[in-house]
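The structure appears below as structure tokens.
The values are calculated or read from the model by the stated rules, or taken from the named source; none is laboratory data. Remember, it's a predicted structure, so these values are computed and weren't measured experimentally. Positions of Cβ are backbone-derived with ideal geometry, glycine not excepted, and every protein chain shown enters the neighbour counts. Ligands, DNA and RNA are excluded from the accessible area calculation, which covers all protein heavy atoms including side chains. Shrake-Rupley method; radii C 1.70, N 1.55, O 1.52, S 1.80 Å.
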Amino acid sequence: MNVVPLVRDVHALDTKIPHAEAHFDLVVVGAGHAGTIAAIAAAKAGDTVLLIDEHPVPSALIGTDVPYFFGGRATAAVQQSGRMLEQVFGTNPDLEEAFELGVDVRLGTVAWGLYGNGPAMRALPEPLLGIADGEAAMMIGFNRLMLATGARDVVLGFPGWNQPGVMGAQGFAALATRYEALASRRIVILGSGALGLETALLAHAHGIEVAAVVEVEDAVQGPAERAAQVRASGIRIHLSTTIAATNSGIDGVAGVTLAPLHASPAKAGAQLHSVDGGWQHTTSSTSDTGPRPSPGSNLGIDLACDTIVLAIGVTPATELLDAAGTGQTETITLIGDAATATPPEAAYLQKWATALARHATPDTIVCQCEEVTRADLLGVQPPHYLDRPQAMAARSLSSLLNDGPAHPDQVKRLTRAGMGQCQGRRCRDQVACLLAERQQVPLSTIPLASYRAPVRPVPLRILADWQERADMAAGWDVWFGIPTQWTPYAVIGTPEEAEHVAGLGGNMHV
């Protein structure tokens, strides 16, 4: 492979061809057990190793549900950065050995972009990983890259899910164990697979009351042994059940109304089937955020709780690869949960989406960051805070489908669903489910909206903290010199540039 040499361009802030500010034999992203063990093994083999991890996560990012769906249930302890750092070390004693072996361990550091040569990029001197901490960003070169980035929650919305107290199982586990900063006291868990059952047992072990485990299927989805442990803990599992409404209090979720999955709201008198053999009846509640059964009927069940945990499933956290448009290679590998986590079956996920949408209203939020509702999404409208000219207001998903299948990226551009700080982690699965339902096609045929770098929120002052020199400022318009826009990128700043300029008969400035 031809390697393009570094050349200096006076008009660029840095060298024309981006270069690494440091190089390592191995870079590991994710300092959990798998990542730390891999870093230690490489260091013992004599490699230079960089091990980064975004934990401890700043409290501001926790508040925006990055990287997990924390759901506003973190205590004030997450605002103490020193304590947070101690928690990370305390829950991973292998980090000490990594330090002793000379591994360059950088905590509180995110990987926001991955770049390599390919069909659309051939000028990089080597593969590059963009990283950033709270002070600066830099590009790191590597011979090998291991992504031990874990898994993220699969999130689906329902009436009232856009309030504090609705969170993902990964966020729940991180606050309960890694940070010991969980504010939940009584929870309802959605999903009876292994994830849901283990979340129930984790909560029980931490003294958190589990009001119920809810499942849309008519059988428990997780291992029988785990289900038996859950039952033995006195936790009820409600089958063929969905959420009809959530009750709100001053701190967010205050309760939930469950309803039988197959009974229409008009069929008062239906009852909920519990694997414990009990029959639940409605009770009174204070307020709710959506339709609910008539008081006194047997249509649903009201449960007091301060947290609803989504434990329907997880999917590998491979945003870096997705944004780079690549997969695993000889140079880049996935390890740990990022390699082994299995997303829920499409049919199962679609059944959950349909069940949770059963009592949703047009103003039920889909994208929390951009406040895009179900009506906005299905009408292919921008959020309410943007103008809707007449032509825009006239369009809909139906009119969009006249031109062919709707792609989530297309819907994202038109509605802004997925463009917020969480970068679609809380809504991309919902958008795909809605599009599948409205197009009456299997969910498996709908792709997920794509990611773009930076895949983590990074302040612009950190991404571009260089000082602009006078010669760069004088030539900034070179990039817009239309007569010579076809001058090859790598040629600018070399002796050949003048030949191109002369040959095209233009100049380099507007």
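Consider V155 carefully, then state whether it is part of a strand (DSSP E or B), open to solvent by less than 50 Å² (accessible area, probe 1.4 Å) and either more than 23 Å from Q221 (Cα to Cα) or not charged (D, E, K, R) (or both).
No, not satisfied.
Which one is modelled with the lowest pLDDT, of the residues in the range 62-79 that are in a helix (DSSP H, G or I) and of a type outside the set (A, V, I, L, M)?
Here the residue is G63.
Do we have A355 as closer than 30 Å to W112 by Cβ, out of contact with any Pro (no Cβ under 8 Å at 6 or more places or on another chain) and either open to solvent by less than 20 Å² (accessible area, probe 1.4 Å) or not in a loop (DSSP other than H, G, I, E, B) (or both) here?
No.
Could you grab me the full set of residues in the range 118-143 that are surrounded by fewer than 21 Cβ atoms within 10 Å (Cβ to Cβ), more than 25 Å from the chain's Cα centre (by Cα) and not aliphatic (A, V, I, L, M)?
G118, P119, R122, P125, E126, G141, N143
Test A200 against the stated conditions and say whether it is under 15 Å from G168 (Cα atoms) and at pLDDT 95 or above.
Taking the combined requirement at face value, the residue satisfies it.
Hey, G82 hits all of (1) in a loop (DSSP other than H, G, I, E, B); (2) surrounded by fewer than 15 Cβ atoms within 10 Å (Cβ to Cβ) but one; which does it fall short on?
(1)
Checking S444 against (1) closer than 30 Å to E370 by Cβ; (2) modelled with pLDDT of 70 or more; (3) open to solvent by less than 80 Å² (accessible area, probe 1.4 Å), only one condition comes out false. Which one?
(3)
Sort out which residues of the range 413-438 are free of Cβ contacts under 8 Å to residues at least 40 places away in the same chain, open to solvent by less than 30 Å² (accessible area, probe 1.4 Å) and more than 19 Å from the chain's Cα centre (by Cα), and write them in order of number.
Passing the criteria: only L435.
Any idea how many residues of the range 98-107 are open to solvent by 30 Å² or more (accessible area, probe 1.4 Å) and in contact with an Asp or Glu (Cβ under 9 Å, 6 or more places away or on another chain)?
Number of matching residues: 2.
So, in the range 106-139, exactly how many residues are under 15 Å from A324 (Cα atoms) and in a strand (DSSP E or B)?
Total satisfying the criteria: 12.
Quick check: anything in the range 423-433 over 20 Å from Q350 (Cα atoms) and either outside any helix (DSSP H, G or I) or basic (K, R) (or both)?
yes
Could you pull out the residue among Q410, Q350 that is free of Cβ contacts under 8 Å to residues at least 24 places away in the same chain, in a helix (DSSP H, G or I) and open to solvent by less than 70 Å² (accessible area, probe 1.4 Å)?
Going through Q410, Q350 in turn, the sole match is Q410.
Would you pick out the residues in the range 55-74 that are surrounded by 20 or more Cβ atoms within 10 Å (Cβ to Cβ) and among the hydroxyl-bearing types (S, T, Y)?
Selection gives Y68 alone.
Could you go through the range 364-380 and let me know if any residue there is β-branched (V, I, T), assigned to a loop (DSSP other than H, G, I, E, B), surrounded by 14 or more Cβ atoms within 10 Å (Cβ to Cβ) and touching a Gly at 6+ places or on another chain (Cβ under 8 Å).
Checked against the condition, which is being β-branched (V, I, T), assigned to a loop (DSSP other than H, G, I, E, B), surrounded by 14 or more Cβ atoms within 10 Å (Cβ to Cβ) and touching a Gly at 6+ places or on another chain (Cβ under 8 Å), the range 364-380 yields at least one hit.
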